[in-house]
Amino acid sequence: MAFQDYKPWLGLTGSTWIGWDNFARIFQYKEATQSIYNTLIIAVIKIIVGIIVPIFMAILLSEIRNMGIKKSIQTLVYLPHFLSWVTVAGIMIDILGLDGGINHLLTNLLGIKPIYFLGDPTLFRPTIIISDLWKNFGFGMIVYLAVITGIDPSYYEAAEIDGASRRQQIRHVTLPSMMPMIIVIATLSLGNILDAGFDQIFNLYNPLVYSTGDIIDTYVYRSSLLNGQYGFGTAVGLFKSGISFILIVISYRIAYKVANYKIF
Amino acid sequence: MYYKSKGYRIFSIFNHILLILVALSCLLPMLHLLAQSFSSKTAINGNLVSFWPVDLNVDAYVKTFNNSNFTGSMWISVIRTIMGTFISMFIITTAGYALSKDFRGRNALMWIFIFTMLFSGGLIPSYILVTKLGLKDTIWSLVLPGAFGAYNLILIMNFFKTIPKALEEAAFIDGASFFVIFRKIYLPLSLPGLATVGLFIMVGNWNAWFDGILYMSNTTDYPLASFLQTVVVQGSAQSMALSQSEAAALSEQSIKAAQIFISTLPIILVYPFLQKYFVKGIVLGAVKE
């Protein structure tokens, strides 16, 4: 289909073959290249932030000794992960709106003009990234927290006898012990580099922010299903899958070499 | 020793405050929603509602449950979630059991499954496939395409692999068949894993909205999440079915809030019970020696 001028009423056998034309068009349309660029930016920042913050939070949470407080915090921070983006978008549209809670707070405390977070191209990406982090960091935290609890306490005792402060203990015991897991997760997430989160962006974006917020998946949806360019949409999709596939294979190889990680 | 030092105590206090604030940030939006759903129109329009209802009333809920579009969608979602979870779990556990054994061609099969996880045909080919199979506008278009998830299969398979071989051999000697072993040994022993994967599949089915919009031509056939998408994101007041007099008395926002809250309730209710399982399940699935 990606190599055809696909017409639904002609079907796969009846449509004309046009070779690589659809792929060539990806690089001719400004909107298409823009969406690829946006996807890369958003996905890369999401991956980086999405690895660092959960590690940081897991270390902080492991410092809390009171089991009751620890458990309650855990329960609450995982919760957003299980809400759908439709729900989260509904909440966000409400609290980020011009007369929503956040702006209410900002105008009252800082006396600045209301900000339209979801309609301003310069603010759209940060909003997307922070909200994604809010929704998902608790989930990443589980894994890291498990690694931290699995560290042999005698390492800490030894470090303490050698006079290491808590900060030094974290730097020289906790972080090195977490390293294999961090490497695995970091390399495996390479494969998501063209995945900036369709559900989230589709539910939050609008024509005002296409310039910075339109990603490959939303562009495919609009250009193909809404505008009927089936062959072209498929080509863009295939382009994305192809590159992701290569990246995943490479990253899996790295993870296997560096951390001896195997899927099965 | 370190925890007695002054510096550490100060850190500890800040740490507690920071983490509690973070945790609250995850809870407060839901509370805000809940408060809105119980508040009156004037209070919402005047921006008076924060985390506690103002002019407490349940009109939004009455209206929501009298809206046949909403209840219809909810029913579709319930059926879809039950069917989807059951079918997925059946396929994944049986396939996972078979693939946890060594046999010729196993690795080739595994790579085919993993390939599907990494390399999807994309939006349009999937759409055309589902349409050509005649699944469009039926509940099967929602349940079947996602039923076999390679990721979940791998999780379950890794669980099955941790079960000692000796148990199976002992059962064989006692005359048990593969199916009996599967049912009586493997399934009960991997309960945490099953609960984890089951929860993911359930939540996934309940939350899925895009397939409904894609495959259903009538909005009356939408599952709840797709219905909500039209109300909340596309802001179609028509799907709320408000008459003019009602629109004057009821805030759209409080109806939206009520609908979002009702749709999230099942997840909030199931979640605490399964949490202890999924923490264990994810960790066992992810951390592997």
Check your understanding: Put +1 on the Cβ of each Lys and Arg and -1 on the Cβ of each Asp and Glu in the range A:77-217; which of A:His172, A:Leu110, A:Ile93 then has its Cα farthest toward the positive end of the dipole?
Key -> A:Leu110
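Which whole number gives the average count of other chain Cβ atoms within 10 Å of the Cβ atoms across peptide B:107-114? If you can, show how the numbers build up before the last one.
Working: counts 1, 0, 0, 2, 2, 0, 1, 4.
Average neighbour count from other chains, rounded to a whole number: 1.
Could you please report the charge total around B:Asp174, scoring K, R as +1 and D, E as -1 over all other residues with beta-carbon less than 12 angstrom from its beta-carbon? Don't skip to the end; give the middle numbers.
Values: positive: B:Lys184; negative: B:Glu168, B:Glu169.
With Lys, Arg at +1 and Asp, Glu at -1, the neighbours total -1.
Efficiency by 1/(1 + (r/R0)^6): what FRET value for B:Asn47 and A:Ile243, r their Cβ-Cβ distance, R0 = 35 Å, to the nearest 0.05? Before the final figure, lay out each step's value.
Numbers: r = 46 Å, r/R0 = 1.33.
Working from the Cβ atoms, E equals 0.15.
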Point to revise | Size of electric dipole in chain A: Cβ of Lys, Arg +1 and of Asp, Glu -1, about Cα centre, debye, nearest 20 | key: 280 debye
Review point. Any idea what the relative contact order of chain B is, in percent, if you count C-alpha pairs under 8 Å spaced at least 6 apart?
Key: 29 percent
Point to revise | Estimated translational D of chain B in µm²/s (Stokes, Kirkwood radius over Cα pairs; 37 °C; 0.692 mPa s) | key: 145 µm²/s
Study note, to complete from the structure: Note: the protein assembly as shown at 37 °C, 0.692 mPa s; Kirkwood Rh on alpha carbon pairs; Stokes-Einstein D in µm²/s works out to 127 µm²/s
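Under Stokes-Einstein, with the Kirkwood radius over Cα pairs standing in for Rh, what whole-number D in µm²/s applies to the range A:174-250 at 37 °C and 0.692 mPa s? Could you put the intermediate results ahead of the total?
On the way: Rh = 14.4 Å.
Answer from the Stokes-Einstein relation: 229 µm²/s.
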Exercise for review: For B:Ser251, enumerate residues with amide H under 5 Å from its amide H, sequence gap 5+ or separate chain, H modeled in the peptide plane.
Suggested key: B:Lys41
Point to revise | the range A:221-237 - phi-based ³J(HN,Hα) in whole Hz, Karplus 6.51/-1.76/1.60, Gly and Pro as x | key: 4, 5, 6, 9, 5, 7, 9, x, 8, 5, x, 5, x, 5, 4, 4, x
Practice item. Could you list which residues have their amide H under 5 Å from that of A:Gln4, counting only those 5 or more apart in sequence or on another chain, with H placed in the peptide plane? Key: A:Ile18
Point to revise | Dipole moment magnitude, nearest 20 debye, the range A:54-183 about Cα centre, only Lys, Arg, Asp, Glu C-beta charged | key: 80 debye
Point to revise | Reachable lysines, given that their alpha-carbon falls under 16 Å from the alpha-carbon of B:Lys101 and they are not under 8 places away in the same chain | key: B:Lys161, B:Lys165
**Study point:** For chain A: span of alpha carbons on each principal axis (Å, largest first)
**Key:** 76, 54, 26
Revision key, fill the gap. Rounded to one decimal in nm, the spacing of the 7 Å Cα→Cβ label points at A:Ile48 and B:Ala108 is 4.4 nm
Check your understanding: Which of A:Ile254, B:Ile79, A:Tyr230 sits farthest toward the positive end of the charge dipole of the protein assembly as shown, with +1 on the Cβ of Lys and Arg and -1 on the Cβ of Asp and Glu?
Key -> A:Ile254
Check your understanding: Could the peptides A:208-216, A:249-257 be put in order, highest first, of the mean number of other beta-carbon atoms found within 10 Å of their residues?
Key -> A:208-216, A:249-257
Review point. Each residue of the range B:174-185 in turn: what ³J(HN,Hα) in whole Hz from Karplus with 6.51, -1.76, 1.60 and θ = phi - 60°, glycine and Pro shown as x?
Key: 6, x, 7, 8, 4, 5, 5, 4, 4, 6, 9, 10
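Within chain B, what whole-number % of the accessible surface is contributed by carbon and sulfur, with the 1.4 Å probe and all protein chains included in the calculation? Each step should come with its number before you reach the end.
Values: 9950 of 14430 Å².
Summing carbon and sulfur atoms, their accessible area is 69 percent of the total for chain B.
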Exercise for review: Please tell me the relative contact order of chain A in percent, rounded to the nearest whole number, where contacts are Cα pairs under 8 Å and at least six residues apart.
Suggested key: 31 percent
Revision key, fill the gap. Given Cβ charges of +1 for Lys and Arg and -1 for Asp and Glu, the option among B:His32, B:Leu56, B:Ala98 whose Cα lies farthest towards the positive end of the dipole of the range B:1-109 is B:Ala98
Exercise for review: Name the residues of the range A:129-145, by number, that are at least 10 Å² less accessible with every protein chain in place than in the isolated chain; the surface is that of heavy atoms, probe 1.4 Å, without ligands or nucleic acids.
Suggested key: A:Trp134, A:Phe137, A:Phe139, A:Ile142, A:Val143
Practice item. Mind ranking A:106-117, B:200-211 by how tightly packed they are, going by the mean number of other C-beta atoms within 10 angstrom, highest first? Key: B:200-211, A:106-117
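Which whole number gives the average, over all residues in A:60-72, of C-beta atoms from other chains lying within 10 Å of the residue C-beta? Before the final figure, lay out the partial values.
Details: counts 7, 4, 0, 7, 5, 2, 1, 0, 0, 4, 1, 2, 4.
What the average comes to for A:60-72 is 3.
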Review point. Any idea what the dipole of the range B:1-136 comes to, in debye rounded to 20, about its Cα centre with Lys/Arg Cβ at +1 and Asp/Glu Cβ at -1?
Key: 480 debye
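Cross-link list A:Lys7/A:Lys240; A:Lys71/A:Lys257; A:Lys46/A:Lys71; A:Lys70/B:Lys256: which exceed 24 angstrom alpha carbon to alpha carbon?
A:Lys71/A:Lys257; A:Lys46/A:Lys71; A:Lys70/B:Lys256
The values are calculated or read from the model by the stated rules, or taken from the named source; none is laboratory data. Just so we're clear, the structure is a prediction, and the values are computed from it rather than from any experiment. As a convention, Cβ positions derive from the backbone with ideal geometry for all residues, glycine included, and neighbour counts pool all protein chains shown. These area figures cover heavy atoms from the full protein model, side chains too; ligands, DNA and RNA do not enter into them. Shrake-Rupley method; radii C 1.70, N 1.55, O 1.52, S 1.80 Å.
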